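*Asks:* Let me give you the structure first, and then I'll get to my questions.
The values are calculated or read from the model by the stated rules, or taken from the named source; none is laboratory data. Model, not experiment: these values are computed from the prediction. As a convention, Cβ positions derive from the backbone with ideal geometry for all residues, glycine included, and neighbour counts pool all protein chains shown. Quick note on the areas: whole protein, heavy atoms, side chains included, nothing else; ligands and nucleic acids left out. Shrake-Rupley method; radii C 1.70, N 1.55, O 1.52, S 1.80 Å.
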Amino acid sequence: MKLQLAAALLATALASPAFADADAPPPVDHFVAGTVSTAEGGLLGKPKVFLPSGAVTGAVFLFSDAKGWSADEEAAATKLQGEGAIVVGVETPVLFASLEKDSADECVYLVSDIEDLSHRIQRALNTENYSSPIVAGVGEAGALGLAIAAQTPDATMGHTVSVDPTLAISLVKTLCTDAPHVTTNGQTVYGLAPDDLTNPVDVYFTAAAPADGKAHVAELQAKGFAIKSKAADGKPYEALQARLDHLVTPRSEADNPLADLPLIALPAKPLRNTMAIVYSGDGGWRDLDKSIGDVFQKEGVPTVGIDSLRYFWSKKTPDQTAADLARIIDVYTEEWGVNHVILVGYSFGADVLPSAYNGLPDVEKAQVAQMSLLGLSDQVDYEISVGAFLGTSSGDGQTLPEIAKIKPGLIQCVYGEDEDDSACTKLQGT
């Protein structure tokens with residue numbers, strides 16, 4: 001019965017078309033580890049390719065700023081190469097000039113050439129695992145990165161890192177995208193496509209950031225796009241380097257930022273650009289919650305379980321619970337390379353979820369695609385007590401007022417036919 005319910009929950013949450021297998025990779029090129037060379041990159045021209053000498057830790061497509069490839073890009077690429085990353089350096093003004101002259105196509109689709117070159121290089125180096133390319137740049141290249149994100153399909157790019165993006169790019173020929181765009185005086189401003197972003201997008205603003213670029217990113221965030229933006233100290237290329245260093249550096253258990261939380265990680269190859277976070281009942285990670293987590297994992301939805309017995313053994317506040325949930329979302333959406341999150345709570349865990357969701361920052365809140373509440377009650381507690389095991393509650397708060405603040409379309413409330421005390425029935429007609 002538990003597995004049937006878990007499967008039904010999964011089907012409801014993740015109904016989506018199956019993805020076709022990717023096309024077979026092109027013939028192998030003769031790239032040599034530990035060297036710097038050029039490559040045939042299609043629309044990208046002949047970019048500079050920095051190849052690590054050891055194990056590959058990532059793949060970065062680094063676009064230059066409007067002034068062209070400089071000592072800043074060269075230093076960043078060389079450092080990343082030493083850290084094990086493949087770096088493909090593209091001189092943006094040369095790229096734009098070439099694209100303007102190309103009369104073969106009505107619009108420009110850069111994604112396929114980025115992915116194609118990434119496949120070819122990693123196949124030639126015989127990498128153990130494929131690293132989805134990271135698109136990165138400063139200034140106009142940062143704006144180009146956001147525009148590329150607008151035309152990127154699922155499971156293509158690994159990350160976008162944009163530092164101090166300008167409002168527009170100096171390319172009149174448009175990108176092939178459904179995103180809104182306006183061209184004026186040789187400059188094109190791109191929004192984002194109507195659908196959700198298909199890969200994580202990070203934007204960093206230093207003191208040198210243009211005001212109109214910052215305002216544009218804020219406008220995109222206000223429309224619900226899950227762009228993560230942060231202020232950064234120092235110079236633009238220092239901020240870019242720091243973020244890229246983090247993305248290509250293998251993590252160790254000693255560096256686990258969630259080591260203080262009682263989490264159960266159920267990794268899986270993400271098949272739906274989605275992960276799940278499941279809060280257990282007060283008995284810990286052992287009941288319906290565990291069954292659901294197992295089904296999610298088997299169906300290609302990596303899952304994090306929160307053992308409520310251990311987490312709430314000491315009293316938490318609603319704000320602390322929400323802050324820890326935001327940390328979990330940030331760490332695991334990045335680690336597993338997904339954009340969407342399903343929140344599931346069982347019994348005690350269901351009761352704490354509505355207020356936890358309401359306390360999330362806007363960016364993390366926008367990543368939540370569904371909240372499934374199983375065995376919801378009227379009251380919420382933030383500490384496991386003997387009374388809770390005996391069916392009594394101290395009543396630290398009410399669940400229904402918190403639910404009333406949430407869009408109804410996000411909420412799924414599950415209860416048994418014979419339950420006469422479920423708070424789910426009180427949501428009918430609201």
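*Asks:* Go through the range 395-430 and give me each residue that's in contact with a helix residue (DSSP H, G or I) (Cβ under 6 Å, 6 or more places away or on another chain) and either farther than 20 Å from Asn358 by Cβ or aromatic (Phe, Trp, Tyr) (or both).
*Replies:* Tyr415
*Asks:* Do we find that Val203 is part of a strand (DSSP E or B), within 30 Å of Ala75 (Cα to Cα) and touching a helix residue (DSSP H, G or I) at 6+ places or on another chain (Cβ under 8 Å) in this structure?
*Replies:* yes
*Asks:* Determine whether the range 210-228 contains at least one residue that is part of a helix (DSSP H, G or I), touching a Gly at 6+ places or on another chain (Cβ under 7 Å) and in contact (Cβ under 8 Å) with a residue 12 or more places away in the chain.
*Replies:* Checked against the condition, which is being part of a helix (DSSP H, G or I), touching a Gly at 6+ places or on another chain (Cβ under 7 Å) and in contact (Cβ under 8 Å) with a residue 12 or more places away in the chain, the range 210-228 yields at least one hit.
*Asks:* Further question: Would you confirm, using the coordinates I've provided, whether Ala155 is more than 25 Å from Ala75 (Cα to Cα), under 14 Å from the mean Cα position of the chain (by Cα) and touching a residue at least 12 places away in the same chain (Cβ under 8 Å)?
*Replies:* So Ala155 fits the description; yes.
*Asks:* Assuming Pro270 fulfils every condition listed in (1) assigned to a loop (DSSP other than H, G, I, E, B); (2) in contact with a strand residue (DSSP E or B) (Cβ under 6 Å, 6 or more places away or on another chain) apart from one, which condition is it?
*Replies:* (2)
*Asks:* Among Glu106, Glu115, Glu128, which is the only one that is charged (D, E, K, R) and under 19 Å from the mean Cα position of the chain (by Cα)?
*Replies:* Unique residue meeting the criteria: Glu115.
*Asks:* Let me ask another. Given the options Glu364, Glu383, Glu335, name the one that is in contact with a Lys or Arg (Cβ under 6 Å, 6 or more places away or on another chain) and open to solvent by 10 Å² or more (accessible area, probe 1.4 Å).
*Replies:* Matching residue, one of Glu364, Glu383, Glu335: Glu383.
*Asks:* Output yes when any residue across the range 92-106 is closer than 26 Å to Asn273 by Cα and either open to solvent by less than 10 Å² (accessible area, probe 1.4 Å) or among the charged types (D, E, K, R) (or both), and no when none is.
*Replies:* Looking through the range 92-106, none of the residues is closer than 26 Å to Asn273 by Cα and either open to solvent by less than 10 Å² (accessible area, probe 1.4 Å) or among the charged types (D, E, K, R) (or both).
*Asks:* Scan the range 308-331 for residues that are open to solvent by 10 Å² or more (accessible area, probe 1.4 Å), touching a residue at least 60 places away in the same chain (Cβ under 8 Å) and either under 18 Å from Asp154 (Cβ atoms) or not acidic (Asp, Glu) (or both) and jot them down.
*Replies:* Leu309, Trp313, Ser314, Lys315, Lys316, Thr317, Pro318, Arg327, Val331
Condition check ((1) at pLDDT 90 or above; (2) in a helix (DSSP H, G or I)) across all residues:
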residue: Leu247; (1), (2): yes, yes
residue: Ala254; (1), (2): no, yes
residue: Asp282; (1), (2): no, no
residue: Val295; (1), (2): yes, yes
residue: Leu309; (1), (2): no, yes
residue: Thr321; (1), (2): yes, yes
residue: Arg327; (1), (2): yes, yes
residue: Gly349; (1), (2): yes, yes
residue: Val352; (1), (2): yes, yes
